[in-house]
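Written below as structure tokens is the structure these notes are about.
Only the coordinates and a few stated rules stand behind these numbers; no lab work does. Nothing here was measured: the structure is a model prediction, and the numbers come from that model. Cβ coordinates were reconstructed from backbone atoms using ideal geometry, including for glycine residues, and neighbour counts include every protein chain displayed.
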Amino acid sequence: MRVDIISIFPEYFAPLGVSLIGKARDRGILDIRLHQLRDWTHDVHRTVDDTPYGGGPGMVMKPEPWAEAIDAVVASGAAEPGGEAARPRLIVPTPSGRRFTQQVALEYAGEPWLLFAPARYEGIDARVIAEYGESLRADEVSIGDYVLAGGEAAVLVIVEAVARLLPGVLGNAASVTDDSFAPGAMESLLEGPVYTKPPVWRGHEVPPILLSGHHAAIARWRRDQALRRTVRNRPDLAAGLDPGELGEHDREVLDEAWRAVRSEESVESAG
Ligand code: ADE
């Protein structure tokens with residue numbers, strides 16, 4: 001997969017040389033190319049922002065440097081052997097975008113080429129998305145309901161979530177299908193707790209069932225833990241579980257978990 005990132009802070013992406021992503025790059029699975037947006041400005045100050053039309057606080061990123069940078073990156077793909085028809089998928093991180101989920105990560109992992117345009121200030125002039133929306137299948141995406149100082153950290157998050165899905169990046173391919181939020185795997189359940197050696201640490205024991213060697217009982221226990229954790233930490237996900245997909249035991253575990261949460265809530269509101 002080829003990934004291009006245009007930013008006024010290319011140095012922000014140094015972490016993409018480390019660990020899993022760094023190794024994927026060394027092995028040729030990922031081809032990440034960083035670009036300085038200011039290289040496509042034409043004034044002495046290398047200006048990329050201006051005041052917003054209509055007034056208001058902050059600055060807006062000018063459309064011209066973005067368009068020149070995007071056009072240059074797209075043209076560089078067409079110039080590569082066999083790349084005449086190649087076009088990247090354009091991804092613009094913004095808190096106003098559609099939510100980035102595991103489903104979206106899987107969608108991006110199926111693309112051969114991604115181009116990220118992380119903004120600083122109040123965002124990029126909206127005409128840039130209008131210009132490339134169709135031709136580059138542009139996507140505005142948000143990584144969560146909070147506001148970062150810029151889109152760069154969101155790009156790091158998205159690239160990591162996508163890269164680990166690429167064939168050959170993770171040592172163990174099953175890790176991907178077992179993920180919390182992996183479509184089809186255990187519906188939308190959070191993963192339960194995990195343990196390793198030693199069996200007793202600072203007085204805390206590993207749940208004995210995990211040492212029993214009874215594979216079916218271990219699978220059942222893990223599913224119970226996943227159901228309980230989902231009710232406790234993500235009641236929105238638990239409320240959306242399809243009862244038709246659940247067994248009788250699942251429903252009992254869920255009912256008990258909901259009762260525990262509600263009784264804690266009533267204790268809290270009484271106190
Ligand atoms: N830029 C600023 N905040 C963001 C967010 N939550 N998601 C994506 N890009 C952003």
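Using only alpha-carbon positions, what ratio does the radius of gyration of the chain give when scaled by 2.2 N^0.38 Å?
Working: Rg = 23.4 Å, N = 271, 2.2 N^0.38 = 18.5 Å.
Cα-based Rg divided by the globular estimate yields 1.27.
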| message | With the crude spin-label approximation of a point 7 Å out along Cα→Cβ, what separation in nm comes out for residue 200 versus residue 234? | response | 3.6
| Counting only residues 5 or more places away or on other chains, whose amide H sits under 5 Å from the amide H of residue 192 once H atoms are built in the peptide plane? | 226
| message | Explain nothing, just the number: relative contact order of the chain, from Cα pairs under 8 Å at least 6 residues apart, as a whole percent. | response | 16
| said: Suppose R0 equals 41 Å. What FRET efficiency, 1/(1 + (r/R0)^6) with r the Cβ-Cβ distance, do residue 67 and residue 145 give to the nearest 0.05? | reply: 0.85
| What list of ³J(HN,Hα) couplings, whole Hz, do you get for region 31-44 from phi and the Karplus terms 6.51, -1.76, 1.60, once you set θ to phi - 60° and write x for glycine and proline? | 10, 9, 10, 9, 9, 8, 4, 5, 5, 10, 9, 10, 10, 4
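Cβ neighbours within 10 Å, averaged per peptide: list 139-150, 113-124 in order, most packed at the top.
Numbers: 139-150: 14.3, 113-124: 21.8.
Peptide ranking by packing, descending: 113-124, 139-150.
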| query | If you wrap a convex hull around the C-alpha atoms of region 184-270 and split its volume per residue, what is the figure in Å³? | reply | 122
| task | Multiply the residue separation of residue 84 and residue 160 by 0.36 nm, subtract the distance between their alpha-carbon atoms, and state the gained length in nm to one decimal. | result | 24.5 nm
| field | Projected label distance in nm at residue 99 and residue 210, using a 7 Å step from Cα toward the beta-carbon | value | 2.9
| field | Dipole moment magnitude, nearest 20 debye, region 141-271 about Cα centre, only Lys, Arg, Asp, Glu C-beta charged | value | 500
| Cα gyration tensor category, rounded, prolate or oblate, for region 107-186 with a/c compared to 1.5 | prolate
